[in-house]
Amino acid sequence: MSSSLLDLYGLTRAELGALVSGWEISPVHAARLWRYLYLDGATSWADLPELPARLRAKLETETTFGHLAITRETHSSDGFTRKYLLGLHDAHRIETVLMRFKGRTTACISSQVGCAMGCVFCATGQMGYTRHLTAGEIVSQAVHVDRVLRSTAVDAPALAEGDHVSPHHRHERLRNIVLMGMGEPLHNYDAVMKAVDILCDGTGMALGAKKITLSTVGVVPGIIRMTDEKRTMCLAVSLHGATQAERAALVPAARAWPLEALMEACRYYTEKMDRRIFFEWTLIEGKNDGPDQAHAVGALLKGMQAQVNLIPLNPTNGYTGAPSHTGAAKAFQEVLAGYGLPSTVRQRRGIDIGAGCGQLAVAEQA
Ligand code: SAH
Ligand code: SF4
């Protein structure tokens, strides 16, 4: 499919309205089209009935939507995780993960093809950077996961309290997104934020901004801009080292945005937004999982609105480190607790299909 076509999933509701009224067609039809895209799970032009013939003709010749074809789909052995390899119009591929656990459904979506940040233990970093995703390609991943959920009938008893089921269709809807797939979201700030705004539109997918978590390697100007724009999604910052030297050895981007400047930006965020930050820490055996490092994290974050998410290293081909043992993770948590810092150890779901944190990489061109 040609990239010269306008992607409908990259348009805000106002932009879609302007497009349709620019063709001198009533805004009523733009509103209907928006509903087809986000509420009715349309997948082809045939799914857009009741639109005037002239609008359909314009749409079919000048626009496209939903063109992320599933190139490959893998399910984890525990049944909680599905990984999708999705094809873009220019033959590049990205990975999107659907996680379902305890009645909570989360899509892990990508923001770039590859990543320029080069974190040594990350499969996407090992690939290098190819290009940014457009807002439409980011939105389409969430729409894809929502469509998967639509195609799965849900029995009432299987739903946990608070789960959202559309009154019109008995199916689960996507409620949670983590921007933790391939890429560094704050390196692609404008497209990511536009996608978030589209997904949060109350008349469309209607996701809550607070149900979206953006994870960053620590792009300082991006954190400051998010704060100034009062972006209310959850913020996760990948720390991994508590001194500049230790961090830079794992996260080369720390040379551009040193630890001191990062912490200053994080404090600016927590104070101005009055919200906490989730600090992510990949636990690598014998490297950054000892009591000294735990005390250094404690001293660094003490007094901040912060929670530490510990992620035992997921294996990747390009890095020889090993994940920490449960005992080391527990001891790390106890030290953090002594500094008044809450922490969690992230469940290693989906690692058997390469869908765990930092394992996303397009291994083959289909
Ligand atoms: N680029 C963003 C988001 C994508 S990575 C970022 O770096 O924050 C999401 C999280 O997975 C980050 O905390 C990242 O450091 C971590 N991660 C990367 N590779 C990993 C691996 N092999 N094992 C465990 N966690 C990993
Ligand atoms: Fe990029 Fe995040 Fe991977 Fe680092 S961990 S290389 S920032 S995707």
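Since every read-out is calculated from the coordinates, none of them should be taken as a lab result. Remember, it's a predicted structure, so these values are computed and weren't measured experimentally. Here the Cβ positions follow ideal geometry from the backbone for every residue, glycine too, while neighbour counts run over all protein chains shown.
Take every DSSP beta bridge whose two residues both sit in the chain; close to 50 percent of them are antiparallel.
Relative contact order of the chain, taken over Cα pairs closer than 8 Å and 6 or more residues apart, is 16 percent.
Measuring between their Cα centroids, the stretch 22-38 and the stretch 304-335 lie 48 Å from each other. With neighbours defined as other Cβ atoms within 10 Å of a residue's Cβ, the residues His29, His295 order from fewest to most as His295, His29. No disulfide-compatible partner, judged by a Cβ distance under 4.7 Å, exists for the following cysteines of the chain: Cys108, Cys115, Cys200, Cys234, Cys266, Cys357. Within the stretch 217-260, the GluC sites (Glu not before Pro) that combine a DSSP coil assignment with at most 12 other C-beta atoms in a 10 angstrom radius are Glu229.
Contact order for the stretch 251-353, expressed relative to its length and based on alpha carbon pairs under 8 Å spaced 6+ residues apart, stands at 29 percent.
The alpha carbon convex hull volume per residue for the chain rounds to 143 Å³. Given axes a ≥ b ≥ c from the Cα gyration tensor, I'd like to know whether the stretch 56-156 is rounded (a/c under 1.5), prolate (a/b larger than b/c) or oblate. Taking the square roots of the gyration eigenvalues as a ≥ b ≥ c, the stretch 56-156 is oblate. Label Arg56 and Glu73 with points 7 Å out from Cα along Cα→Cβ: what is the distance between them in nm? Result for the modelled spin labels: 2.8 nm. Taking amide H as placed 1.01 Å from N in the peptide plane, Thr63 has its amide H under 5 Å from the amide H of Leu6, each at least 5 places away in sequence or on another chain. Cβ crowding within 10 Å, taken as a proxy for footprinting-reagent exposure, orders Arg56, Arg247 from fewest neighbours to most as Arg56, Arg247. Pairs to check: Lys194/Lys230; Lys102/Lys210; Lys83/Lys330; Lys83/Lys211; Lys287/Lys330. Give those whose C-alpha atoms are more than 23 Å from each other in this structure. Long pairs (Cα-Cα over 23 Å): Lys83/Lys330. If one takes the longest principal axis of the Cα atoms in the chain, at what angle in degrees, from 0 to 90 and to the nearest 10, does the Cα axis of helix 326-338 lie? The two axes meet at around 80 degrees. Helix 189-200 versus the longest principal axis of the chain: what angle, 0 to 90°, nearest 10, using Cα atoms? It works out to around 60 degrees. Judged by the ratio a/c of the largest to the smallest principal axis of the C-alpha gyration tensor, the stretch 6-64 counts as rounded, that ratio being less than 1.5. Summing Cβ point charges (Lys, Arg +1; Asp, Glu -1) relative to the Cα centre of the stretch 6-64 gives a dipole of roughly 140 debye. Taking the number of Cβ atoms within 10 Å of each Cβ as an exposure proxy, the fewest-first ranking of Ile284, Ile277 is Ile284, Ile277.
Just check the stretch 311-366 against the gyration tensor rule for me: Cα atoms, a ≥ b ≥ c as the square roots of the eigenvalues, rounded for a/c under 1.5, and otherwise prolate or oblate depending on whether a/b exceeds b/c. Note, shape of the stretch 311-366 comes out prolate.
Dividing the summed helix terms, -39500 (n - 2.57) for each DSSP H run of n ≥ 4, by the number of residues in the chain produces a 222 nm estimate of -10000 deg cm²/dmol to the nearest 500. Taking 7 Å steps out from each Cα toward its Cβ at Lys230 and Gln305 produces label points 1.4 nm apart.
Here the contact order of the stretch 1-68, divided by its residue count and restricted to Cα pairs under 8 Å and six or more residues apart, works out to 44 percent. Axis angle, to the nearest 10 degrees, between helix 135-150 and the longest C-alpha principal axis of the chain: 80 degrees.
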